[in-house]
Amino acid sequence: MIRLSPLSTDFAAAKRFFFQGSTNEYSYGSSSSCKKSRTSTSGTIFGSAFSPARSGKTYLVACTSNGLICVWDSICISAEPIIRVQASTADKVLYDVQFIASSGETLLVVSGDPGILVYKWSAFLNAIDDLIDGNIVLEPIAKFKPHPSPQVMAFGEPVEINCTSYSALDNMLYGVAGDSFGCYQWDLESEKLVGTFGGGAKNRCNGDYLHHVMSVPNNNNLVLTAGEDGAITFWNGKERKLIETINVQDTMNKNKESVSWQIQNKGFGSTHQWSNGSNLWVSCMDRKGDWLAAVGGSESGNNVSLRSGPNTAGFMATWHLPTRTFNSGCVTRESYNAIAYNQNLDSFVSGGNDGQLTFWDSATGECTGRSGCTPSLIYTLSCSAAPSMMVA
Amino acid sequence: MPPAKKRRIAAAAAAAELAESTTTTQTNDSAQSKLLQQHQHALDTLLQTVDQLSSSNKLDNNNLSESILSSTLALANLKSLQRQIALQVETQANQSKEQRVKVEECSLLLENLTYERNYLQKEIQSLEGWKADDLEKMAWAELGRTSATTTKRSTNEMKELGEEDVDMGDATTNDITTAEDAINAYLFNTATTSSMDHRNPTNHTAILQKLQSDIETRSSLITQLSQSKSKLKELHQKREELSGFLNHQIPKKVKELEKGAESLNAFFGGQDGVWSDLWKVDKRSGVEKDDHDDNDDDDLKKKKKVQSANMLINRPSFDRSKRFQLAKSNLPPPLYVLYVQLAGYKDAWESLEKVGECDGNKSNVLGGYVGASGMEVTVEKNTESDWRVVLSLSISAIVPSEVASTFGKGGSSNSRSSSPAPGQSSLSIVFSYDKEDGVVYALVDADGNKDVGEGLLGSLFPDDDGSTLPNVSLSLLKTEEEEDEAESDGGESSNVAMDNTVEEKTAENKKGKAYYWCQVLSGLNFPPPFNMIDAVTDQSEKDTPFAIQICTKAVMRQLLRRIRARQTLSSLVDFLGRRGQFANPIPIHPKMKCDDASDNNAPTLKAKLQSWSKEEDMKRYVATIKRKSATLKASVTISDNYPAEPPVWSLQNEDGSVGTASSSQNNSSSNADVLFDASLHRIECHVNQDLNKFVCEDVEATFDWVLIHQLADIISSWDELMSAKEEGNSANKSKGQERIRKGKDRKLVGFGEKSPFFWYRNGL
């Protein structure tokens, strides 16, 4: 079952009297809003996650562009969240939300402009049990902030953490930042920064800021980072050493026979390749067992096949993780911002700027179908096994 | 026993019986018959005796004597009986006579009575059909109906129309079909029943009581009426006295006042006035002494004095006699009220402006009076009976000077229209009163300047678009009549209806629209339009106290705002269309320019406006923006209610990708193939949402510049976007370089830095 959040805006439909009766100003949500009411401040949902089940009940948690953590009951999702926590000031964006289990306790990790904020999920549950509706105040049990960045010139401008990942093996928390320091590694127990990788001089691989980090539990504590430079980098998390960097553009061009191109919505086919000027970025990754799927986009997009077409394009590509070999790829007209593996459908689902959910076969990497979606911009996808549910 | 003895005994018995009978026969009729029987019997006995005597000649003497004796007895008896009978007969005769007399008397009486009865019966018959016209009229009147015939006619009409169940409001009223019923209903207040008939004599007393009570009521009413009449007479007399005072005394006084003020006027007023000469001299000397600070205070005081003295000129006061004449004329009262309102406002504005109290932003009583030089209110006579109030406004005086200086003089005139020179362009609002509709209409005459004049007065206040007649009761009545007519003329062709619509439209064009605010200014108390009521209700529900109260001040403010906005919009659209690519850099309102932002500091934009064109759709414009080889098409839809409803921009890249978020819900098959560009969407959101970033709230005129401000920001934002792409494409993504984007949404970090409003927004 797929449930879609009711989120959209239309300029023409809304009358904005800012001259006569300034009280009637409307607020707009660029893609999605956590609250539809006119009086409320709408924001964009950048991250979402389903909570672990508690006596068969799960909750949907989302973080917004105006610093809110919103909690919905996953059984009956309404426009109004049952709980809202103002995690940071309204001008600071929250990009990611994760549930981790550490020391036998479920923690909610939220990251964004204010850094990483760690909450006890039990505090949220207590608030829900106490039937507290609306805005509540909860203090995080831990805060992790990135270094002051030389790239951030404006005074007071924060360096954001775009994504976090937790490694249960060594109780480490990884967070990818918007500056050249790349990926940060914190010890969750001691709450200390262990180190950074991906952005430094020695082992720098990612040339631009990072979008996504994924920790793969294995012997080497494999950590994958992906970002604006269009590369997926494999790291040894334990030693913070680079294992391998995969440039998506080069890989797809090398394996062009395994890449299908979408042309003007007429289907997939023909073998082409990215041109040199293509500016690819990897926005999100997910895996099914040993299979890794990554999505992203290309900005200049002056690729060969679409010379007369749009100057933006997106891609979805899969790799075999242990061997780090390219499996399949697909270039689409719209860029993608999120991908998630859906157990119930046994397929990857991606969403991006086309306002549609695209379903990919997890074995072959082929597009199996598309489904319309209420928001026109999708930044996050979350799947829940029980109950079978997916939010975009 | 011998027969003679027998006869004697019989005679004796008869005599005894006779004797007995004599006592009873007098009183008893049966006795008479008995007497007659005895007489017959005695006679028979006598005859028998005589027969015996005649037949037996040989009888002995004894027998003879006996026979004679018995005969004698019998004869005597007979005689006595005859006598009794005779007496009785005589008595009977007397009685009969008396009886006859009585009978004759009775028969005479009977005849008289019969005659009277017949007469009365005839009278009753003749009166039974008598029609009490007055009573009938009164009964119908009391029942609130006209007459039986009318009712019948209307009932028949209704039946013809198929309205079988006509609800007249009262069941009894429906039963009344004849005059008799009506009278019964009136007299007994009930439906007609057999017992309740006014022709039934038994109801006579009740009817009399009813009529008497009615007569008493009427007499009291007549008394009251006469009293009221006398009062009315008194009031008439008073009115006559007062009108006499108004007609004779006031003009006299006004003339005296004017005469008295002439000298003052000559002293203070006009260019050649003594006071103005003095003021000029003072002013000149003030300039000369400008360096001396000590004299500044004196100058200010003098200036104040002059301004106060200028109030004495109060030129409008000289129009008072004219206004009074107007009041006396046949100018319809609503138009007169409207005229006084507008003229009063003009007076107030002019007076307050002279003393410097006229500030549109002030919240006190004197604040909020906005106006413009050249504002004039006049009354014109259209036809003999048709009057019009004309409010003339000078557009050039309303439009701020920066509009002309920025966009050039050509902006204020429509190049296609044959309007006069921009500096002299004027606008008139003609108010006329329609007696039939009972409302005041307003029409704009903009000297052919369509950009300003068209729809100028529409929705001056929310939902007051003049589409519905404010006189609700009359409009409802008209609608019903029209419906009736339509039903009756159901078979007619639709051409007639079309003609009517065309006629109505022409009439509407001639006299304008009946806006609610016109009625308020004219003193006509109509309920506000429904939507306005709803809006007010909604607002009260929302506990928001904001609501525009319609008054002359509010109307003038809205009107001047609208004219200023229209003219500014017209100017800037004309400027963009005329200058095209030469309009770069896009001009912005001087108030929003940074003082320190010299040309050197201003960021140079590679993106330029290439062309500005108007689509077929009247209120849609397309701006083509170029940056190197890239092109951006920016379309804007402008509402009639600009800038209250700000323009809505939509952007499109040359590859067809758009910035408008089209979700699956509003995706149509036609635009299913259109790509979405998140970067353009961000710019769209910026220009369409963050409206307060394009205006300076302290300067109202900046609201009129929203369109061009949005365009300027679109150009700058797109330029930033394109330059970011270029930088992103370039291989120079070395470390230490300042980051371009951030976050999952890849937002440009320096978004807005190239905006011409960057300095203003950052308070620099």
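The values are calculated or read from the model by the stated rules, or taken from the named source; none is laboratory data. Everything quoted here is computed from the prediction, not taken from an experiment. Every residue, glycine as well, gets a Cβ built from its backbone with ideal geometry; the counts of neighbours run over all protein chains shown. Protein only, heavy atoms only, side chains kept; ligands, DNA and RNA dropped before computing areas. Shrake-Rupley method; radii C 1.70, N 1.55, O 1.52, S 1.80 Å.
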Nearest-0.05 FRET efficiency for B:R578 and B:A554 at R0 = 41 Å, using Cβ-Cβ distance, is 0.70
Candidates per chymotrypsin sites (Phe, Trp or Tyr not before Pro) in the range B:35-139, loop by DSSP, up to 13 other Cβ within 10 Å | B:W130
Quantify how strongly other chains surround peptide B:676-683 by giving the mean number of their Cβ atoms within 10 Å of each of its Cβ atoms.
-> 5
Under the rule rounded for a/c under 1.5, else prolate if a/b exceeds b/c, else oblate, using alpha carbon gyration tensor axes a ≥ b ≥ c, the range B:40-142 is classed as prolate
Rough spin-label spacing in nm, given labels placed 7 Å along Cα→Cβ, for B:D44 and B:A76 = 2.4 nm
How much of A:K143 can a 1.4 Å solvent probe reach, expressed as accessible area in Å² and rounded to 10?
-> 130 Å²
Nitroxide proxy distance, nm - points 7 Å out along Cα→Cβ at A:S103 and B:E654 = 6.0 nm
In terms of solvent-accessible area of protein heavy atoms at a 1.4 angstrom probe, what is the ranking of B:F694, B:F582, highest value first?
-> B:F582, B:F694
Rounded to the nearest 10 Å², the accessible area of B:D445 using a 1.4 Å probe with every protein chain kept is 80 Å²
For B:D197, what accessible area in Å² do you get when you roll a 1.4 Å probe over the heavy atoms of the protein chains, rounding to the nearest 10?
-> 50 Å²
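Please list B:D133, A:D286, A:D96 from largest to smallest accessible area, probe radius 1.4 Å, with all protein chains kept in place.
Ranked list, largest accessible area first: B:D133, A:D286, A:D96.
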Given the pairs A:K241/B:K754; A:K254/B:K628; B:K593/B:K725; B:K233/B:K255; B:K137/B:K238; B:K255/B:K346, which span a C-alpha to C-alpha distance of over 30 angstrom in this model?
-> A:K241/B:K754; A:K254/B:K628; B:K233/B:K255; B:K137/B:K238
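Excluding B:Q224 itself, calculate the net charge of residues whose Cβ lies under 14 Å from the Cβ of B:Q224, where each Lys or Arg counts +1 and each Asp or Glu counts -1.
Residues near B:Q224 contribute +2 overall.
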Enter the buried accessible area of the B/A pair, total of both sides, probe 1.4 Å, in Å² rounded to the nearest 100.
-> 5100 Å²
Scalar couplings 3J(HN,Hα) for the range A:338-347 by Karplus 6.51 cos²θ - 1.76 cosθ + 1.60 (θ = phi - 60°), nearest whole Hz, x for Gly and Pro, are 8, 9, 8, 8, 9, 4, 5, 8, 6, 8
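For B:H236, A:H212, give the ranking by accessible area with the largest first, probe 1.4 Å. If you can, show how the numbers build up before the last one.
Working: B:H236 80, A:H212 25 Å².
If we order B:H236, A:H212 from most to least accessible, we get B:H236, A:H212.
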